[in-house]
Amino acid sequence: MVKENDAKPGGVSGSASADKVAHLSAEQMWAADAASRMLGMQLLSVAPGASTLSMRVRADMINGWGLCHGGLISALADSAFAVACNTHGTITVGAGFDVTFLESARLDDQLVATARETAVRGRSGLYDVTVTRLVTTRRSWSSAGVAAASGAQIRLSVRHARGTPAI
C-alpha cells in the first residue's frame, strides 16, 4: 500500500508522519472503492487507526418496511472500518464483525459512521464502529442513535487480519 517514504511527493526518501501515512493510505484505498462510491458514502476524516464516513439514505436503500436495509448500514460501518484499519500503510482485511441494531434508519436520514482502533495484537486488531443517525427536527438537525451494544447507536466490533491478504 503506502510506504512511509512514499508519503512525500515523488516518493522522496524520509520518514512521514503517521497522519500523512494515514491520509495517503485512505486516499489510495478510497479512490479505488467503487462500492462505497455507488452507495454515496463520503470520507469525512481520517487519522491513524480512525475514520469517519457519512451516507444519506436514498429511496433505493429502503426495504419492504420503509426502513433502510440493515445490510447497507452495515456496509457503511464496514467501509469506515476498512479505512481505519488501513491507515498504517499496510493492506489489511476484515476477519468478521457483529452488529446490534437498536433503532432503524429512514429515507433521507444522514448516517455517520465513526471507526476507531481499540486493540492490535500482531496481525489482528479490534475496531469499534458507531453509526449515528442524524434526523431533522423542525428547527435543526439532531443526533439519534441507530443501534448499539450499549447506548442508542449502531455498534460493531470488527476484527481484522493485518498484512497483505492472500488473494
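So that you can scan it fast, the table gives a plain yes or no per residue for (1) at pLDDT 85 or above; (2) surrounded by 14 or more Cβ atoms within 10 Å (Cβ to Cβ):
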| residue | (1), (2) |
| --- | --- |
| Ala115 | yes, yes |
| Thr137 | no, no |
| Gly145 | no, yes |
| Ile154 | no, yes |
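So, in the stretch 38-50, of the ones that are in a loop (DSSP other than H, G, I, E, B) and hydrophobic (A, V, I, L, M, F, W, C), which residue ends up surrounded by the fewest Cβ atoms within 10 Å (Cβ to Cβ)?
Per the stated criteria, the residue is Leu39.
Report, by residue number, each residue of the stretch 51-84 that is among the aliphatic types (A, V, I, L, M), out of contact with any Gly (no Cβ under 8 Å at 6 or more places or on another chain) and assigned to a helix (DSSP H, G or I).
Once the filter is applied, which keeps residues that are among the aliphatic types (A, V, I, L, M), out of contact with any Gly (no Cβ under 8 Å at 6 or more places or on another chain) and assigned to a helix (DSSP H, G or I), the stretch 51-84 yields Ala59, Met61, Leu72, Ile73, Ala75, Leu76, Ala77, Ala80, Val83.
Just one of the numbered conditions (1) under 23 Å from Trp30 (Cα atoms); (2) modelled with pLDDT under 85 is not true of Phe101; which one?
That leaves (1) as the condition not met.
Tally time: how many residues in the stretch 73-95 are farther than 18 Å from Arg123 by Cα and hydrophobic (A, V, I, L, M, F, W, C)?
5
The values are calculated or read from the model by the stated rules, or taken from the named source; none is laboratory data. On a predicted model such as this, the values are computed, not experimentally measured, just so you know. Counting neighbours? That spans all protein chains shown, and the Cβs are built from the backbone with ideal geometry, glycine included.
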